[in-house]
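Undergrad: Before anything else, here's the structure in question.
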Amino acid sequence: MARDLQERIKKLIIDRRLPSGATLPTEPELMELLGVSRNSVREALKALQAMGIVEIRHGFGTYVGPMSMAPMIEGLAFRTVAGHYRGEDSLLQLLELREAVETGLISRLAGRVPEDDLAELDALVDRMDAEAAAGTGLAETDRAFHATLYRGLGNLLLSEVLEAFWDAFHRVRTDLVELPQDPKVTCRQHREILDAVRSGDAVRAEESIREHFGHIRTRVTATAANETNRRPN
């Protein structure tokens, strides 16, 4: 019954075409409209708030929420990390998902990235060069590069899925097998991705993305193999 009531409130939002921030009917109105008790309405609204579908502002009312994918993405990241610590290959699965997404979309970007974004990407690769020369980590700049690269697609879900990967990887990175890679190689890989996209060469761009994923795939795979070997029969 609780799930059914949540679905009825969601249907009300859809049927009335209520946008994010719109006011929902009051609790008494929902009780009358749906034929349920106050407690049932409150429990349903709390559950929908946890999913980002509604927003309860105490003393003001209930509103349509931001419809954020954050709860789903947090669940995905948590599932990946939990699976990793249980000895499952969940991190490799998430990596494969991200690689499939990026290689599938990179050809759409070839020759179509706005000049302002290209300039920002150039600056990020230059920053990588400086970080490599200084011996500092490239992770955050790498993260910013990919976020900027796909920003022009205007796909919020894509951005959030990429963030889920970074979040999950960040949480378990200290457990991964260390396979040192010259940071200059990482810089070169990003420069090649950028050059391919700028020139409009979709095939080269896809190949460059796959090469970039090669090193991290090797680390994740090696870690999974080590965990299997350490596990008792």
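Undergrad: So how much slack lies between R42 and I14, counting 0.36 nm per residue of separation and subtracting their Cα-Cα distance, in nm?
TA: Working: separation 28, 0.36 × 28 = 10.08 nm, distance 1.96 nm.
Gain in length upon complete extension: 8.1 nm.
Undergrad: With all protein chains present, how much of the accessible area of region 70-229 (probe radius 1.4 Å) comes from carbon and sulfur, to the nearest whole percent? Intermediate values should be presented prior to the final figure.
TA: On the way: 4250 of 7980 Å².
Here it works out to 53 percent.
Undergrad: Could you identify which residue out of R210, R57, R108 has the top mean-square fluctuation in a GNM of the chain using Cα springs shorter than 10 Å?
TA: Of R210, R57, R108, the most mobile in the Gaussian network model is R57.
Undergrad: Normalized C-alpha radius of gyration of the chain, against 2.2 N^0.38 Å? Don't skip to the answer; put the middle values down first.
TA: Details: Rg = 22.7 Å, N = 233, 2.2 N^0.38 = 17.5 Å.
Ratio of Rg to 2.2 N^0.38 Å for the chain: 1.30.
Undergrad: Rounded to the nearest 500 deg cm²/dmol, what is the calculated helix-only ellipticity per residue at 222 nm for the chain, with -39500 (n - 2.57) per DSSP H run of length n ≥ 4? Don't jump to the answer; show the numbers that get you there.
TA: On the way: 10 runs with 167 residues, N = 233.
Calculated at 222 nm, the ellipticity per residue is -24000 deg cm²/dmol.
Undergrad: Using a 10 Å cut-off on Cβ atoms, rank the peptides 70-80, 126-136, 158-168 from the highest mean neighbour count down. All intermediate terms of the calculation are to be shown ahead of the outcome.
TA: Values: 70-80: 16.2, 126-136: 14.4, 158-168: 19.2.
Per-residue Cβ counts within 10 Å, averaged per peptide and sorted highest first, yield 158-168, 70-80, 126-136.
Undergrad: Separate question: If we restrict to alpha carbons, what Rg and Dmax does region 1-64 come to, in Å?
TA: Over region 1-64's Cα set, Rg and Dmax evaluate to 10.5, 27 Å.
Undergrad: For the chain, what does the accessible surface come to per residue with a 1.4 Å probe? Please give it in Å².
TA: Ligands and nucleic acids excluded, the result is 56 Å² per residue.
Undergrad: If R0 is 41 Å, what FRET efficiency do you get for R57 and Y85 from their C-beta distance, rounded to 0.05?
TA: The pair R57/Y85 has a calculated efficiency of 0.65.
Undergrad: Which shape class, rounded, prolate or oblate, goes with region 70-132 when its Cα gyration tensor gives a ≥ b ≥ c as root eigenvalues, a/c under 1.5 marks rounded, and past that a/b bigger than b/c marks prolate?
TA: Working: a/c = 2.62, a/b = 1.88, b/c = 1.39.
Because a/c hits 1.5 or more and a/b exceeds b/c, region 70-132 counts as prolate.
The values are calculated or read from the model by the stated rules, or taken from the named source; none is laboratory data. Because the structure is a prediction, the values reported are computed rather than measured. Don't worry about glycine lacking a Cβ; one is built from the backbone with ideal geometry, like all the others, and counts go over all protein chains shown. To get the accessible areas, we keep the full protein, side chains included, count just its heavy atoms, and leave off ligands, DNA and RNA. Shrake-Rupley method; radii C 1.70, N 1.55, O 1.52, S 1.80 Å.
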